[in-house]
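J.: Structure provided below as structure tokens; questions to follow.
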Amino acid sequence: MTVYISLTLDCTNAPLVADFWKTALGYIDEPPPAPFETRAEWFASFDLPDDESPDDSAWLCDPQGVGPRLSILKVPEPKTVKNRLHIDIRVPGHGSPEERWDRMGAEAARLVAAGGTILHEDTGHHFVMADPEGNEFCVAAGRAPN
């Protein structure tokens, strides 16, 4: 049996967090499951309470089909502690340590412009960052998967 993973982020504002992660990862909105034409149509097929909305969640996917699916779900409580699992955004490329650090810094700056926050710099190694709702992730050097 083949398995795959999906990552889920809790939040209080799913559209805000989804927009950030689409920018960060180059992901797109995942199409609804068949036979539905839209997520709203799919959502309406459930007998959910009136206080739940299609804007309470988002499903993202890698347009190349390589990375894991990302589910973003509204929860009632705010984030209170450090993530036990986090996403690493790997900036590819070779070169000197200084060149790699410059590329990581440029990616961190791009993500700050998209709504992220730099929490800590481990100079020469990685940036610890947070998305607009405080979910931690790292920006580090790496190579593309085979």
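J.: Of the residues Trp42, Trp59, Trp21, which is more than 25 Å from Glu133 (Cα to Cα) and buried (at least 16 other Cβ atoms within 10 Å of the Cβ)?
T.: On the way: Trp59 fails: more than 25 Å from Glu133 (Cα to Cα); Trp21 fails: more than 25 Å from Glu133 (Cα to Cα).
Answer to the check: Trp42.
J.: So which strands (runs of 3 or more DSSP E) are wholly in region 35-124 and hold at least 1 residues that are among the aliphatic types (A, V, I, L, M) and in contact (Cβ under 8 Å) with a residue 24 or more places away in the chain? Please lay out each step first, then the result.
T.: Values: elements: 57-61, 69-74, 87-91, 117-122.
Here the list reads 57-61, 69-74, 87-91.
J.: Could I ask something else about it? State which residue is farthest from Ile5 (Cα to Cα) when the search covers only region 25-67 and only residues that are modelled with pLDDT of 85 or more and among the small types (Gly, Ala, Ser).
T.: Only one residue tops the list, namely Ser45.
J.: I've got another one for you. Under the condition of being of a type in the set (Gly, Ala, Ser) and touching a residue at least 40 places away in the same chain (Cβ under 8 Å), which residue from region 125-141 is nearest to Asn83 (Cα to Cα)? Break it down stepwise before answering.
T.: Filtering region 125-141 for residues of a type in the set (Gly, Ala, Ser) gives 130, 134, 140-141.
Among the residues that remain, those that are also touching a residue at least 40 places away in the same chain (Cβ under 8 Å) are: 134, 140-141.
Working: Gly134: 9, Ala140: 17, Ala141: 21 Å.
The residue in question is Gly134.
J.: While we're here: Sort out which residues of region 106-133 are surrounded by fewer than 16 Cβ atoms within 10 Å (Cβ to Cβ) and not charged (D, E, K, R), and write them in order of number.
T.: Of the residues in region 106-133, the ones surrounded by fewer than 16 Cβ atoms within 10 Å (Cβ to Cβ) are 106, 109-110, 112-114, 117-120, 122-125.
Correct list: Ala106, Ala109, Val112, Ala113, Ala114, Thr117, Ile118, Leu119, His120, Thr123, Gly124, His125.
J.: I would also like to ask the following. Which members of region 64-74 meet the condition of being of a type outside the set (D, E, K, R) and surrounded by 12 or more Cβ atoms within 10 Å (Cβ to Cβ)? Give the steps one after another, and end with the answer.
T.: The first filter runs over region 64-74 and keeps only residues of a type outside the set (D, E, K, R), leaving 64-68, 70-73.
Once the filter is applied, which keeps residues that are of a type outside the set (D, E, K, R) and surrounded by 12 or more Cβ atoms within 10 Å (Cβ to Cβ), region 64-74 yields Gly67, Pro68, Leu70, Ser71, Ile72, Leu73.
J.: Let me ask something else about it. Residue check: is Gly134 on the phi > 0 side of the Ramachandran plot, touching a helix residue (DSSP H, G or I) at 6+ places or on another chain (Cβ under 7 Å) and not charged (D, E, K, R)?
T.: Working: on the phi > 0 side of the Ramachandran plot: yes; touching a helix residue (DSSP H, G or I) at 6+ places or on another chain (Cβ under 7 Å): no; not charged (D, E, K, R): yes.
Answer is no for this residue.
The values are calculated or read from the model by the stated rules, or taken from the named source; none is laboratory data. Not measured: the values here are computed from a predicted model. Backbone-built Cβ (ideal geometry, glycine too); neighbour counts: all protein chains shown.
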